[in-house]
Amino acid sequence: MDKADLLFLLDYSRWANQKLSETAALVSAEQFKAPMPATYGSLRGIMVHILVAHRVWLSRCRDGRMPNPLPAQAEFPDYASVHQSLRAEESAWHTYLTGLPEAGVQCSISYQTSRG
């Protein structure tokens, strides 16, 4: 795997997140937060999970640590707040990867899970 591969995967992730965001933008605020029998409990929960995953892995790769504290669903009262934060995380990933030397792609990442 090289830097171009990672940028390709980031572009794919952006595309998939954009597809989800386009759909999420069509539902009402109540539907966005409504409990549903799915992983992470709601559409908002799914989008916040994606955001947190981006934030956690960027912090592990870039800073060598877990971000603290992790954002909670309650910090995102509506679709726009999650969408804006997710776009910012994707931008931060792009900045990190484009500035990463090719040798940095091949290095190992050591980390602890969020449970220690």
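What is the number of the single condition among (1) more than 16 Å from the chain's Cα centre (by Cα); (2) of a type in the set (Phe, Trp, Tyr); (3) closer than 18 Å to Tyr12 by Cα that Trp93 does not meet?
(1)
Just one of Arg60, Arg87, Arg44 is of a type in the set (D, E, K, R), under 14 Å from the mean Cα position of the chain (by Cα), part of a helix (DSSP H, G or I) and farther than 25 Å from Phe8 by Cα; which is it?
Exactly one residue qualifies, and that residue is Arg44.
Within the range 1-27, can you find the residues that are without any contact (Cβ under 8 Å) to a residue 60 or more places away in the chain, of a type in the set (Gly, Ala, Ser) and either part of a loop (DSSP other than H, G, I, E, B) or over 26 Å from Thr113 (Cβ atoms) (or both)?
Ala4, Ala24, Ala25
Given Gln112, Gln73, Gln106, which one is exposed (fewer than 10 other Cβ atoms within 10 Å of the Cβ), out of contact with any Leu (no Cβ under 8 Å at 6 or more places or on another chain), over 19 Å from Asp11 (Cα atoms) and not small (Gly, Ala, Ser)?
Gln112
Criterion first (β-branched (Val, Ile, Thr) and either surrounded by fewer than 14 Cβ atoms within 10 Å (Cβ to Cβ) or within 17 Å of Ala92 (Cα to Cα) (or both)) does Ile50 satisfy it?
Criteria met by Ile50.
So in the range 28-50, with the set limited to residues that are of a type in the set (Gly, Ala, Ser) and free of Cβ contacts under 8 Å to residues at least 40 places away in the same chain, which one is farthest from Tyr79 (Cα to Cα)?
Ala38
For every residue, the table says whether it meets (1) more than 28 Å from Leu100 (Cβ to Cβ); (2) at pLDDT below 95.
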| position | (1), (2) |
| --- | --- |
| Met1 | no, yes |
| Asp11 | no, no |
| Ala38 | yes, yes |
| Ile50 | no, no |
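Considering only residues that are surrounded by 14 or more Cβ atoms within 10 Å (Cβ to Cβ) and hydrophobic (A, V, I, L, M, F, W, C), look in the range 1-26 and name the one that is farthest from His94 (Cα to Cα).
Among residues in the range 1-26 that are surrounded by 14 or more Cβ atoms within 10 Å (Cβ to Cβ) and hydrophobic (A, V, I, L, M, F, W, C), the one farthest from His94 (Cα to Cα) is Ala24.
Name, by its number, the condition in (1) surrounded by fewer than 16 Cβ atoms within 10 Å (Cβ to Cβ); (2) closer than 19 Å to Ala24 by Cβ; (3) touching a residue at least 12 places away in the same chain (Cβ under 8 Å) that does not hold for Val82.
Against the list (1) surrounded by fewer than 16 Cβ atoms within 10 Å (Cβ to Cβ); (2) closer than 19 Å to Ala24 by Cβ; (3) touching a residue at least 12 places away in the same chain (Cβ under 8 Å), Val82 comes up short only on (1).
The values are calculated or read from the model by the stated rules, or taken from the named source; none is laboratory data. These figures come from a predicted structure and were not determined experimentally. All Cβ positions, even for glycine, are placed from backbone atoms using ideal geometry, and neighbour counts span all protein chains on display.
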